[in-house]
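One structure is given below, encoded as structure tokens.
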Amino acid sequence: QLQWCYERCDALVIPSITEGFGLPVAEGLLAGCRVICSDIAALREVGGDQCRYFELGRHQKEAFENAVATSLKQPKPPAVSLPHLSADVLTYEYASLYRQVLEGRLAKAASRSNHSKLRDKSALREV
């Protein structure tokens, strides 16, 4: 049902102040929607140069109105591919992140262990 809406809407508008990921942006782009959204990091990260962004702040109402009007004058875009959000890429990114975290913790633990051993040897020499 949601896919049907994405495919038939004139534009997907996301006037968000804070966003965790921006899944509607990805869904809209994959369906070929015109996507108009707030110019915030989470939405820009997902939408890249495929969306029309508007600034939040002092003149946000005018910026929003201009973004919608300008977008509706443009032809509807084709559905896009978002390879940076594919399961393979995300799996690789998460595995790399976890590997870095674990390597950092192991290095820290080894450093503490070596420091402790040196301290113990030093104490033995004093006896």
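The values are calculated or read from the model by the stated rules, or taken from the named source; none is laboratory data. Everything numeric in this text was worked out from a predicted model, so none of it was measured. Glycine also receives a Cβ, built like all others from the backbone with ideal geometry; neighbour counts cover every protein chain displayed. Keep in mind that these areas ignore ligands, DNA and RNA; they rest on the heavy atoms of the full protein, side chains included. Shrake-Rupley method; radii C 1.70, N 1.55, O 1.52, S 1.80 Å.
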- If you roll a 1.4 Å probe over region 36-93 with all protein chains in place, what percent of the accessible area is carbon or sulfur? 54
- Message: Kirkwood Rh over alpha-carbon pairs of the chain, then Stokes-Einstein at 25 °C and 0.890 mPa s: what D in µm² s⁻¹, rounded to an integer?
- Response: 136
- Item | Dipole of the chain, positive end: most advanced residue of GLY104, SER81, GLN1 [Cβ charges, Cα centre] | GLY104
- Item | For region 32-38, 3J(HN,Hα) per residue [Karplus equation, 6.51 cos²θ - 1.76 cosθ + 1.60, θ = phi - 60°, Hz, x = Gly/Pro] | x, 7, 6, 10, 10, 8, 4
- Theoretical ellipticity at 222 nm over the chain - DSSP helices of four or more residues, -39500 (n - 2.57) apiece, nearest 500: -20000 deg cm²/dmol
- Per the C-alpha gyration tensor (a ≥ b ≥ c, the square roots of its eigenvalues), region 28-100 is rounded if a/c is under 1.5, else prolate if a/b beats b/c, else oblate; here it's oblate
- Among 20-27, 75-82, what's the highest-first ranking by average C-beta atoms within 10 angstrom per residue? 20-27, 75-82
- Query: Non-local amide H neighbours of SER16 (under 5 Å, H modeled in plane, Pro and chain starts lacking H): which ones?
  - Reply: SER38
- Query: Given a cut-off of under 8 Å on Cα pairs at least six residues apart, what relative contact order in percent is computed for the chain?
  - Reply: 20
- Item | Average accessible area per residue (Å²) across the chain - probe 1.4 Å, nucleic acids and ligands excluded | 74
